[in-house]
1. Only one of MET119, MET82 is at pLDDT 95 or above, surrounded by 20 or more Cβ atoms within 10 Å (Cβ to Cβ) and of a type outside the set (Val, Ile, Thr). Can you tell me which?
2. Which residue, of GLU411, GLU351, is at pLDDT 95 or above, open to solvent by 60 Å² or more (accessible area, probe 1.4 Å) and under 30 Å from GLU241 (Cβ atoms)?
3. I'd like to verify a number: residues in the range 34-60 that are open to solvent by 20 Å² or more (accessible area, probe 1.4 Å) and more than 16 Å from the ligand (Cβ to nearest atom), how many?
4. Please state which one of VAL486, VAL546 is part of a strand (DSSP E or B), aliphatic (A, V, I, L, M) and touching a residue at least 40 places away in the same chain (Cβ under 8 Å).
5. When the residues of the range 186-208 are filtered to those that are open to solvent by 10 Å² or more (accessible area, probe 1.4 Å) and touching a helix residue (DSSP H, G or I) at 6+ places or on another chain (Cβ under 7 Å), which remaining residue is farthest from the ligand (Cβ to nearest atom)?
6. So which pairs qualify, if the first residue must be in the range 311-322 and closer than 17 Å to GLY269 by Cα, the second must be open to solvent by 30 Å² or more (accessible area, probe 1.4 Å), the Cβ gap must be under 6 Å, and the two must be at least 6 apart or on different chains?
7. If you scan the range 422-454, which residues turn out to be of a type in the set (Ser, Thr, Tyr) and surrounded by 17 or more Cβ atoms within 10 Å (Cβ to Cβ)?
8. Can you find even one residue in the range 521-533 that is closer than 23 Å to ARG299 by Cα and touching a Lys or Arg at 6+ places or on another chain (Cβ under 9 Å)?
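The values are calculated or read from the model by the stated rules, or taken from the named source; none is laboratory data. Since the structure is predicted, the reported quantities are computational estimates derived from the model, not experimental observations. Neighbour counts are summed over all protein chains in view; Cβ atoms, including those assigned to glycine, are modelled from backbone coordinates with ideal geometry. Surface areas here come from the heavy atoms of the whole protein model, side chains and all, with no ligands, DNA or RNA. Shrake-Rupley method; radii C 1.70, N 1.55, O 1.52, S 1.80 Å.
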Amino acid sequence: MEKKRFRSADWFGKASKDGFIHRSWMRNQGLPDHVFDGRPVIGVCNTWSELTPCNAHLRDLAERVKRGIWEAGGLPLEFPVMSTGESNMRPTAMLFRNLVSMDVEESIRANPVDGVVLMTGCDKTTPALIMGAASCDLPALVMPGGPMLSGKFHGHDVGSGTDTWRLNDDLRAGRIPFEIFQEAESCMSRSIGHCNTMGTASTMAAMAESIGLTLPMGSSIPAADSRRWALAHMAGRTIVEMVLADRKLSKILTREAFENAIRVNAALGGSTNAVIHLIAIAGRIGTPLTLDDWDRLGREVKTIANLAPSGQYLMEDYYYAGGLPAVIRSLGEHDHLAKDALTVNGKTIWENCREAPNWNTEVIRGFDRPLAHSGGIAVLRGNLAPQGAVLKPSAASAQLMRHRGRAVAFENIEDYHCRMDDPALDVDASSILVLKNCGPKGYPGMAEVGNMAVPLKLLKKGVTDMVRISDARMSGTAFGTVVLHVSPEAAIGGPLALVRDGDFIELDVEERKLHLDVCDEELERRRSAWKPPESPCCGGYQSLYVQHVLQADRGADLDFLVGQRGLLVLRESH
Ligand code: FES
């Protein structure tokens, strides 16, 4: 049988001056003759960085992937791309998701790579790497870094982010001193890995697994568990098989795969950020996906994973209970799964999960005893959000799901910080906090500030939740009755920009309604008087971003990056 010729042979397989150049320089890494025999070359695309603590162990994990690649007869070549660490980057890591995706796409296309393993962890690293690889449409597999072990503090488990917000409220209300607050720092983050709640990192790893891009359990095994190393080894073997079988992303990222991911997100009570990221990924591979798909598909699925921030447990408990395969099995048994969707190992998602055990039905509940009856993401519309806004019912307060209240409006996040704890602020528990100019163009980058803390004077009275509305995002680890991603955003003149203190706003989640109770004539008057806010954009990449970023309902990708460009044949440079 004729030997298969891979793309990398255009570099390493030539008996010419160019072939000499491509091979010769690689030999300075100690590569012997036989590795240039036409075997698949596998890029290991790494977001390792000490500035991204959630991904700081990914160089070690990549070594395990490489073992598997060598063992299966491939040639592994690791390369770095920009890393987006949620806890350190300013103004927000989201500003750089699209930049990283460009880095990934162009690094793959420019180099002799036949398949790629995407080493991901912290929130934006997962969508960014999938987006970049999807635009190239080559065989690709996601290898997540895994969550941290459960935090342990004063005899209790503490979850990343979720308990930070709680402890911060305790500190602000004077219930704990600063020393106790500080002590929790090291207790919460006590091992390698990303956030140990079902925040955005865990959600996006679960999205990668449910669209078929990781091996089974890829999103669930703790980072510090040796079984993740074994999985990385198997990921290395699998990507070589994928290249041999030409199992490229467009064969896996089908409409059915995305529908499965939306239902999985509902069953998990996953992050609202998944909405934006999945729409952006679908846009890159050319699969239609809209906000309405999120509402329709998630609405009928109950939340069965009892995980923070919606529920009680952490990712370590979830893995011991059976992890994502147990959740997917449950979805399949209740007719909420496209069972034939293909995954990276060549099997369907149902073949991978149909016998997955559930060892703890308190952590992964049954559909007869769910954590929330209406899981999923509610997509709200009305004169305040003509292109949509989102709310996560499983993390919201039941008594606020239908609410009419007086707006307390903040022009931007600085205005909010300045006035939120002012004793003179005219606010009560029934008020609705409105935050403007934190959308994709306005911030820029659409920061995770939508879960505004409850004003101090209300916190002291025991108020823990109120309706909050903004064009921002919120951390996947956060909770509350929070309306996010209002589109179009205030900075481009969306109706949110026209809200004034004292306006009445109606929220009705069941009816999917978000209405500003101000007559059309008055809104028109305000619109004619509206002036765009001064942009905080500081030039450089930020200018490119602000000029081209799409609104949240379209995934906040850059308009010129949407779509698949494949692995074009590139000119030689010598
Ligand atoms: Fe990195 Fe939460 S800060 S995953």
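1. MET119
2. When all the criteria are applied, what remains is GLU351.
3. 7
4. Only one candidate qualifies: VAL486.
5. MET188
6. Correct list of pairs: GLY311/LEU371; LEU314/ASP157; GLU316/LEU149; ALA321/TRP359; ALA321/ASN360; GLY322/PRO357; GLY322/ASN358; GLY322/TRP359.
7. SER431, TYR443
8. no
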